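Working notes, beginning with the structure itself.
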């Protein structure tokens, strides 16, 4: 059975989608089979591969209009596929509210193809709503990207409380797969302090690789490719390659 990881942070702009995209790409290039699931109506993950709003996608899957096999699109990178999203996914949150077992729609949709991939990465919206809840129940581990700033600490506390509630009732096997830092600027004392504080409390859950601020990381999605294809020699690419190697080594 392949591992399903969900990238979650209720705060936007922390590098969540960038991380899912680039970790997935580097792991695929290492020879593992990877499926990316864009579960955010902003469809930024899909844009990173120029397949945003390509149908059928995640909305058609969740709404029962298409089987999962028809929603999977291959990317230009061998071993890497994606289930794309579009703006219509924003309506799914409303539609799910009145459904029975509304928290389990994504899990049921992915279960039939789980064994076909070494890794399935779910990119959730920057909120703790019904879509993110579906992602947390479908997954067996959570990746938490953290920007190195004060408000990130408050957000982490809220997220961990949510995870505990889900572990108690809806997904007892859910684990924290790891916390990693993004957009790190070593010149600022605040960034250094945030890293130290989180390491004190979660030292065994922290990935050692820290993702630095890097313009090339921001540029690559607009060209429809991960950083490994856009500029494999930049510091951002080297950092994500190292982080992907840590993910493979950590395993479950």
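When you count the other C-beta atoms within 10 angstrom of each residue and take the mean per peptide, 30-38, 131-139, 179-187 line up highest first as 131-139, 30-38, 179-187.
Given that compact globular proteins tend to follow 2.2 N^0.38 Å, what is the ratio of the alpha-carbon Rg of the stretch 34-183 to that value?
That works out to 1.03 for the stretch 34-183.
Taking the Cα centre of each part, how many Å lie between the stretch 148-215 and the stretch 53-79? Distance between centres, Cα-based: 31 Å. Here is the size of the chain from its Cα atoms: Rg then Dmax, 17.0, 51 Å.
Computed on the stretch 1-137, with alpha-carbon pairs under 8 angstrom and 6+ residues apart, the relative contact order is 40 percent. Rounded to the nearest 0.05, the FRET efficiency derived from the C-beta distance between residue 169 and residue 87 at R0 = 35 Å is 0.65.
For the chain, the relative contact order works out to 26 percent when only alpha carbon pairs closer than 8 Å and six or more residues apart are counted. Most simply put, the chain has about 5% antiparallel DSSP beta bridges, counting only bridges with both residues inside it.
For the stretch 21-134, DSSP calls about 20 percent of its internal beta bridges antiparallel. Relative contact order, whole percent, for the stretch 125-252 stands at 22, derived from Cα pairs under 8 Å and 6 or more residues apart.
Where a number appears in this text, it was derived from the coordinates with a stated rule and is not lab data. Bear in mind that the values here come from a model prediction, so they are computed numbers and not experimental data. For neighbour counting, all protein chains shown are included, and Cβ atoms are generated from backbone atoms with ideal geometry for every residue, glycine included.
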